Amino acid sequence: MSKRPPPDPVAVLRGHRASVMDVCFHPLKTVLFSGSADGELRIWDTIQFRTVSSAWVHSATHGILAVASSASLGTNKLVSQGRDGTVKVWDIADGGLSRIPSLTIKTNSYHFCKLSLVKGPSRWSKEGEVSKDSHRMELGENSSRETLEVNGGEAHSNQSCSEIFAENTYSEGLHYVAISGEQSSEVEIWDLKSAERSARLPLNIPSGVPNVSTKDKGMCMALQLFLPSKSQGFLNVLAGYEDGSMLLWDIRNPGVPVTSVKFHSEPVLSIYIDGFGKGGISGAADDKIVMYSMDDTTKPKVSDQKVSYRLDSKIVKYDKSVGVLPLFKLEPISQDDWGTCVVKKEISLERPGISGTSIRPDGKIAATAGWDHRVRIYNYSKGNALAILKYHHATCNAVTYSSDCKLLASASEDTTVALWELYPPQTQT
């Protein structure tokens, strides 16, 4: 990492009166959403760096835990999660939120785990074509001139990040959200159209069918709901637990995880899967950041013999397009049938605690939000450090990238949101 001073933020968004707990960009527009511990949600214009609108969407007593937006829900939807046990879906119109939510889910979950919308697979070129040239990106004038090189297999075409994101995200169907369950060691998946719970992991299923318990792992602390490119439409969930372990679930087998690993010695606080579903990054309450690769070529076996499992007094239907719990009889799984999750890079920290992680949509750069007030930037493919950003004066709670790869936003307990321009994506003419 260069010894030159790190860059300053291009803008600092002020207006919140309490700790900013989470932040997310609109998937297609130059708009940013932020939620704070007093229940206030703000919408920001990321060109003029000003507040567009503000509303209290959760009680001040409980506050906002997470905010999320995804093209899979449509371009006019926003989801908020409060510590009051509710998840709310809001319509976005005329630059502001609807006066009342279009849907409210009362989850009875009162934990610290942020929700996860479905992360779909990304393909970085049309018709599978990828540029064979290497691309180089540089930091701006006030920072290191260190460059990133991306191999031809990872490079993208002339499309912008946002164009690729929009074209390769399902326009409908992925209307699901994963949360830490009413039983804190479980994961629940809810339908954002019907406000009904669709699945629980692990599921208590009939005797004779493989099943595990996660109670000994403590609370579920971090989640990523995603759709691997080779999953044939079945949702996967990577969940991090209080004991430092992570379990990968395939919804076809709700009784037994695909694999279980323990990369951390303290509670896992953040998980982020890259857009290709091939790996990710995790942060915890311990003193390390872990980048890992995932192999989904081996999955639990399912037979064609159909069986109905009851969940919450109803039969859960199978919908291949979205991967709802299928009506399959599950066969015993041997260790040889499991997928793998392997450490790619382990990064030691001088001071413990990572609240948030994010990987840029093009899969080149990763960022972390630290308890030590720092935002750290890494080369995602190699794991080497690129920059340490030191603007914030209190714990950083979250980091996220814009879909066009141009902006990074960091949210902090100091009540501010900082916007950064680092390693701008290569543009071609």
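Please treat every number below as a calculation from the coordinates, not as lab data. This is a predicted model, so every value here is computed, not measured. Cβ: placed from backbone, ideal geometry, glycine included. Neighbour counts: every protein chain shown.
Taking amide H atoms as placed 1.01 Å from N in the peptide plane, list the residues 5 or more away in sequence, or in a different chain, whose amide H sits under 5 Å from that of residue 221.
Counting only residues 5 or more places away or on other chains, the set is 240, 241, 242.
Whose amide H sits under 5 Å from the amide H of residue 384, counting only residues 5 or more places off or on another chain, with H placed in the peptide plane?
379
Taking amide H positions as placed 1.01 Å from N in the peptide plane, with prolines and chain starts having none, which residues 5 or more places from residue 66, or on another chain, fall under 5 Å of its amide H?
Amide H to amide H, under 5 Å and 5 or more residues apart or across chains, residue 66 pairs with 81.
Just rank 420, 190, fewest to most, by other beta-carbon atoms within 10 angstrom. Don't jump to the answer; show the numbers that get you there.
Numbers: 420 24, 190 20.
By the 10 Å Cβ count, ascending: 190, 420.
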